[in-house]
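Quick notes on the structure that follows.
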Amino acid sequence: MINLLVCYDTNSWESNSAFMDRDRCLTEYIMPELKSRFAALSKSEIDQLKSIPCLFAYEQVHRKDIYIGYITDISVRQLNVKIDYQMTGETIRFDNFVNLTRQLDIGAWELNRTHWTIKNVDLEEIRPYFSSNMAHKPTVFISYSWTPIENQKYVFDLVSKLTSDGITVIYDKNDLLPGQDKNYFMENALTTNEIDNVLVICNEDYAAKADERHGGVGYESEIILTQLQSQPLQRKVIPVVIETNEKGEAYLPTFLKSRLYIDLTQESGYDDLLSSINKVNI
């Protein structure tokens, strides 16, 4: 079986999560037996859906290539469903996909409507049409201080900018959900191989909390420090300075003071940051 998700919004499959109206999820363009098996989106059904490969498509009017991937999590809400996903890096060219509609049991008007369905087709049947020429999309985790409040806005603006430039960004306000363990979230994000870079957003408060090992910043600092101690030439952790003192000196926690940093207070800072992220992922 294959999940087929079709969206009109051309940004839907460019991040790591998307939303779809609840009444368009597994309710149409689907065989009756598959609808009865999955449409309720119960916990056991969600677990099964996460194991089924996905085709992430856009409505036909856009003529965009189709991404291959997997659903990593599903959150059912009153009016919509939040779908978290991970791409494999493979695609199907749009022209080839159109030629596969009969094989995939896709109806004449189905690609003109946003929806999520399941096709009773083995992924291996269409693998010859896969292309691996889609560039790897870097994934970064952001470690930052919630204070002062202006810092949060700065970070959220930076997240938006990075996302628009093709970077997948993981951070607590978006990816840590109610009921989840905060410490585990931080540990997993900082140690998993799925994260290409850790961006340490350094302002005065971050430096102070890291040095004092205070709160979430202090906990993250301990983990990062452990990773850095034996890796003087590592490139995964990138200090990113967004604030300097009256002398123009960067606010950096002690454990990062010997490291080369990106200075976002300079005009070229953001371009330098993008270059550093992409160099690690060449």
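The values are calculated or read from the model by the stated rules, or taken from the named source; none is laboratory data. Just so it is clear, the structure is predicted and the values come from calculations on it, not from any experiment. All Cβ positions, even for glycine, are placed from backbone atoms using ideal geometry, and neighbour counts span all protein chains on display.
Please work out which residue is surrounded by the most Cβ atoms within 10 Å (Cβ to Cβ), limiting yourself to the range 98-124 and to residues that are among the acidic types (D, E) and within 17 Å of Y70 (Cα to Cα). Explain how you work it out, then say what you get.
Quick first cut of the range 98-124, residues among the acidic types (D, E) only: 105, 110, 122, 124.
With the extra rule that they be within 17 Å of Y70 (Cα to Cα), the set shrinks to 122, 124.
Values: D122: 11, E124: 8.
If we take residues in the range 98-124 being among the acidic types (D, E) and within 17 Å of Y70 (Cα to Cα), then D122 is surrounded by the most Cβ atoms within 10 Å (Cβ to Cβ).
Take the conditions touching a Pro at 6+ places or on another chain (Cβ under 6 Å) and assigned by TED's automatic domain parsing to the domain that holds Q234 and apply them to I195. Does it pass? Answer is no for this residue. Looking across the range 172-209, the residues that are modelled with pLDDT under 95 and farther than 27 Å from N278 by Cα come down to L177, P178, G179, Q180, D181, K182, N183, Y184.
For I277, the conditions (1) crowded, with 18+ Cβ neighbours inside 10 Å; (2) assigned to a loop (DSSP other than H, G, I, E, B); (3) not polar (S, T, N, Q) all hold with the exception of (2).
Mind listing whichever residues of the range 3-39 are loosely packed, with under 13 Cβ neighbours inside 10 Å and either aliphatic (A, V, I, L, M) or at pLDDT below 90 (or both)? Selection gives T10, N11.
If you filter the range 256-282 down to residues that are of a type in the set (S, T, N, Q) and within 24 Å of the chain's Cα centre (by Cα), you find that the one that is modelled with the lowest pLDDT is N281. Screening Y67 on (1) crowded, with 16+ Cβ neighbours inside 10 Å; (2) in contact with a helix residue (DSSP H, G or I) (Cβ under 8 Å, 6 or more places away or on another chain); (3) of a type in the set (S, T, Y) shows it passes everything except condition (2). Take the conditions (1) in the same structural domain as G269 (by TED's automatic domain parsing); (2) crowded, with 17+ Cβ neighbours inside 10 Å; S164 misses just one of them, which is (2).
Counting the residues of the range 160-215 that are part of a loop (DSSP other than H, G, I, E, B) and among the hydrophobic types (A, V, I, L, M, F, W, C) gives 4.
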